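Student: This is the structure I want to talk about, given as structure tokens.
Any read-out appearing in this document is the output of simple, stated calculations on the displayed coordinates, not a laboratory observation. This one's a predicted model, so the numbers in the text were calculated from it and none came from an experiment. Cβ sites come from the backbone with ideal geometry, for glycine too, and all protein chains shown count toward neighbours.
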């Protein structure tokens with residue numbers, strides 16, 4: 001196999017004499033931004049859900065303001081105070097957690113990231129995209145799909161869920177826990193476990209475990225179809241904590257990328273990434289095929305911090 005790879009590379013080096021960028025264009029590094037974006041979304045969501053459960057258990061937090069009416073609630077979390085999970089280019093300074101408490105240990109919530117702080121009493125909620133959260137002795141569990149997350153948009157928002165809608169949300173918690181990359185891709189959903197170590201009032205020892213996957217199709221120019229891309233991503237048993245904010249320290253990611261920019265140039269390949277214990281901000285390319293084959297063994301910066 002190694003001889004074949006060397007032959008192919010040598011052939012293209014000879015063929016591309018005088019074309020310095022040819023090999024780089026043909027064998028680019030696999031993109032890691034989908035992994036980074038998933039982490040940048042999952043970790044704040046896990047934190048917000050844990051803050052909510054801590055509030056349910058009677059804990060007071062200096063960076064959290066609460067508005068409550070019966071079982072409906074809104075938490076305003078100031079992320080400029082006692083909040084460690086601001087990643088590179090994050091520009092929000094407040095998270096708003098709105099939801100319905102179904103029981104002592106279960107809620108349906110929505111989370112908003114806002115740049116400008118909103119005073120208590122100025123927020124109404126309607127047309128909310130929701131997902132379930134459940135607390136047990138070991139962890140806070142969250143299940144969400146990409147379309148469950150509110151990124152900006154109209155802030156004139158009322159939570160009004162029917163019993164059937166509530167049951168659908170809770171059913172998400174019954175997703176199979178043993179996930180491999182193929183199941184995860186089919187699910188198009190993310191499962192976050194925040195292991196709180198029985199210290200809901202102390203977030204410094206929380207450990208996040210991310211499982212799940214998603215797929216997306218994008219057409220850049222609809223008139224000509226000059227750029228079409230398909231991306232599939234799964235993350236398996238991915239561990240993240242305050243011990244290292246630069247990268248997950250355990251787990252795997254699988255990505256398949258098809259990107260047709262023009263008739264002359266296209267990307268087609270798959271990559272198996274491994275997260276390592278070193279806190280250097282990198283993820284290792286363990287296995288790769290197609291255009292990414294020359295990246296096997298490389299460590300690529302996730303750019304989280």
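Student: Would you please put 248-256, 288-296, 54-62 in order of how densely packed they are, using the mean number of other Cβ atoms within 10 angstrom per residue and starting with the highest?
Tutor: Numbers: 248-256: 20.3, 288-296: 17.9, 54-62: 13.9.
Going from most to least packed, we get 248-256, 288-296, 54-62.
Student: For the peptides 88-97, 192-201, what is the packing order when you average, over each peptide's residues, the other Cβ atoms within 10 Å and list the highest mean first?
Tutor: 192-201, 88-97
Student: Quick one: which of 136-142, 106-112 comes out on top by average Cβ neighbours within 10 Å, and what's the full order, highest first?
Tutor: Working: 136-142: 17.3, 106-112: 23.4.
Listed from highest to lowest mean packing, they are 106-112, 136-142.
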